[in-house]
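Read the structure below first, then the notes.
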Amino acid sequence: MHPIVNAEQAAAWNGPEGEHWADQNRQSGDAGDELTSALFAAAAIESTERVLDVGCGTGETTRLAARYARNGRVTGVDLSIPMLDRARELAAGEGATNISFEVGDAQVHPFASASFDVAISRFGLMFFNDPVVAFTNLRRALRPGGRLVFVCPQVPQENDWYTVPIAALQRRLDGAAAAGPVESGMFSLAYPTRLVEVLTAAGFTAVRPSALDALMRFGPDAEVAANFYLGSGPVLALLQQHGDLTREAARETLVEAIGPYQTETGIQIPGRHWLVTANRP
Ligand SMILES: C[S@@+](CC[C@H](N)C(=O)[O-])C[C@H]1O[C@@H](n2cnc3c(N)ncnc32)[C@H](O)[C@@H]1O
């Protein structure tokens, strides 16, 4: 077993949240969403490249990367055993032969040095308890001249997909009990100065965060979206903190809050992100 230092995250992503994500199919299933297209355009993966997908979850981006690196190979790494089980199943279902998955904590995982040309991540790099150590480990895994390309969210107030449902639940709770936002590792790289500082301290050069506005997709209707939110970390934390908020009441509140985001192609909620590129010198 490889070392795990982000024990709380490991417990969350191997517990109810991981099981829930493994079951859900929030993702678009192709590169059609703006965020994923922007990630892959910036990564510019070539056919023979060796790609690392960090915090790959159920492996949607890993499978996409494998199509670009058709004569190369792609490794997905994640803390979550249930999500990787699902990722393996989905990759096998596509008949992909150039993908492998490894259970591990990317912060300390013993990747072979200089063994990847490019590391990518969609929302998988914000959860490290020591980001400089983690990004240093990723830099070491890249060959000299290798690239790091990832997306992460900007501050919560720029992300309706986060604030709208959470604020609705908080309004439903009474006064003092509802005070204070639910903190989440999700926004640990939200400030670009901090982001550049961390990556530079980890030895990356040419660190560039570019603003990326994109609609986030949450399934065909508000019921499905509410179900997704009910199993997500921030909502699970709220439910745990406030025993008086029942799941049913939370579901009702979420459906009402999400309803206005119904479009012809399902629930789409705006978000503001960073698309980050950096080089391993
Ligand atoms: C928000 S999900 C994103 C999953 C996937 N990249 C996607 O776009 O569907 C974050 C993922 O990061 C993983 N993760 C969190 N901390 C990690 C760590 N230290 N090492 C490896 N994976 C981690 C979680 O298990 C989870 O699968």
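Structural remarks
- Flag if Thr36 is in contact with a Lys or Arg (Cβ under 9 Å, 6 or more places away or on another chain) and either of a type in the set (S, T, N, Q) or not in a strand (DSSP E or B) (or both): yes
- Count - residues of the stretch 220-255 that are touching a strand residue (DSSP E or B) at 6+ places or on another chain (Cβ under 7 Å) and open to solvent by 30 Å² or more (accessible area, probe 1.4 Å): 2
- Residue within the stretch 126-140 that is open to solvent by less than 40 Å² (accessible area, probe 1.4 Å) and touching a Ser or Thr at 6+ places or on another chain (Cβ under 6 Å) present: yes
- Flag if Ala41 is open to solvent by 70 Å² or more (accessible area, probe 1.4 Å), outside any loop (DSSP other than H, G, I, E, B), more than 10 Å from the ligand (Cβ to nearest atom) and modelled with pLDDT of 90 or more: yes
- In the stretch 47-74, the residues that are polar (S, T, N, Q) form Cβ pairs under 6 Å with partners that are within 13 Å of the ligand (Cβ to nearest atom) and assigned to a loop (DSSP other than H, G, I, E, B), at six or more places apart or across chains, as follows: Thr62/Cys56.
- Residues of the stretch 66-91 that turn out to be open to solvent by 70 Å² or more (accessible area, probe 1.4 Å) and away from the ligand (no atom under 13 Å from the Cβ), as a count: 7
- Residues of the stretch 93-115 satisfying the condition of being polar (S, T, N, Q) and either within 12 Å of the ligand (Cβ to nearest atom) or in a strand (DSSP E or B) (or both): Ser100, Gln107
The values are calculated or read from the model by the stated rules, or taken from the named source; none is laboratory data. Being a predicted model, the structure only gives us computed values, none of them experimental. Counting neighbours? That spans all protein chains shown, and the Cβs are built from the backbone with ideal geometry, glycine included. Side chains included, ligands, DNA and RNA excluded: accessible areas come from the protein's heavy atoms. Shrake-Rupley method; radii C 1.70, N 1.55, O 1.52, S 1.80 Å.
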